[in-house]
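Accompanying notes for the structure given below.
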Amino acid sequence: MRALVRDNPHYALGISPPVPLPATAQAYDQARHALAVACHTPERVADYHGRPPLAGLLPRRQALAWAHAFLEPIREAPRLTLDITSLALNFPRSGVARLLDISRNTVTAHLTRVQDALGLNLQDPRSRAELSLALAITDLPPPDNNAVAEHLPTPSVDSLLSTEAAITWAHAFLQPLQPGTDRTVHQTLRAWIEAGTDAQRTAQTLGISRTTVRAHLRTAEQRLKRSLQTPGPGTHELIHAFRIADRAP
């Protein structure tokens with residue numbers, strides 16, 4: 001593959017670390033983040049060098065109590081509905097339809113049932129980020145002491161995101177955008193999230209062109225080493241990092 005990239009100037013390659021087969025989806029996300037970096041390097045090849053995921057840094061039993069309560073309305077949902085929901089947090093709906101060999105209307109119908117049950121708007125990237133965090137927490141191994149998380153009082157997500165580990169993670173994530181860098185990129189990212197990650201609406205809000213918004217997003221991808229211009233974990237992490245930083249002392 002490196003030879004293909006070397007010989008074809010329109011190709012780029014993002015590389016994840018080796019993972020066991022059950023972690024294929026995680027490796028795909030890591031490779032996608034690396035690809036966002038590779039597109040901005042002369043060699044057009046980049047390995048993934050990421051931070052630990054936020055879900056794994058939260059207090060496990062409390063996080064599970066929140067996640068189980070958050071997801072309770074869809075606990076009995078069909079397996080297909082859950083698969084569609086998980087994929088739709090990382091791919092456009094048309095891509096989910098192709099992957100599962102179903103119609104886009106079927107994808108939309110399943111997602112509508114999920115968002116109605118959870119009381120979310122899955123067109124809002126902040127709702128998608130919160131749902132993604134809940135699913136990521138439930139995918140983690142159980143606590144070492146095998147305590148039953150459902151028996152704990154259910155904390156709020158904001159209390160989970162106020163822990164020292166979460167604040168440290170957020171500051172490290174956002175550090176490439178801090179003072180000393182071009183603040184216009186930071187401002188664009190804030191406006192982009194408020195606009196539902198819609199580049200045209202962001203441009204109108206800021207009084208700049210959509211091309212400039214896209215350019216700022218590419219710069220942010222390079223600095224944060226995260227893919228932002230396609231749906232998925234990069235955008236979710238950015239949303240969580242801003243949310244945590246805004247509430248941190």
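Rule-based calculations on the coordinates, nothing more; no lab input. Quick caveat, the model's predicted, so the values are computed rather than measured. Neighbour counts are summed over all protein chains in view; Cβ atoms, including those assigned to glycine, are modelled from backbone coordinates with ideal geometry.
For region 85-178, dividing the convex hull volume of the Cα atoms by the residue count gives 158 Å³ per residue. Note on region 94-136: Rg/Rh from C-alpha atoms, Kirkwood Rh, equals 1.00. Residues whose amide H comes within less than 5 Å of that of residue 45, counting only those at least five positions distant or on another chain, are 13 (H built at 1.01 Å from N in the peptide plane). Across all directions, the average projected area of the convex hull around the alpha carbons of region 160-233 is 5.4 nm². A simple rule links phi to the HN-Hα coupling: the Karplus curve 6.51 cos²θ - 1.76 cosθ + 1.60 with θ = phi - 60°, which for region 73-78 gives x, 10, 4, 9, 5, x Hz, with x for Gly and Pro.
Taking a ≥ b ≥ c as the square roots of the eigenvalues of the Cα gyration tensor, region 95-249 is oblate, since a/c reaches 1.5 or more and a/b is not larger than b/c.
Compared with the direct C-alpha span, the chain from residue 162 to residue 124 gains 11.4 nm at full extension, assuming 0.36 nm per residue. Using θ = phi - 60° in the Karplus curve 6.51 cos²θ - 1.76 cosθ + 1.60, the 3J(HN,Hα) couplings for region 183-199 round to 5, 5, 5, 4, 5, 5, 4, 4, 5, 5, 5, 4, 8, x, 6, 9, 5 Hz; x is entered for Gly and Pro. The value for region 50-118 of Rg(Cα) / (2.2 N^0.38 Å) is 1.29.
Label separation (residue 104 vs residue 80): 1.9 nm, computed from points 7 Å beyond Cα along the C-beta direction.
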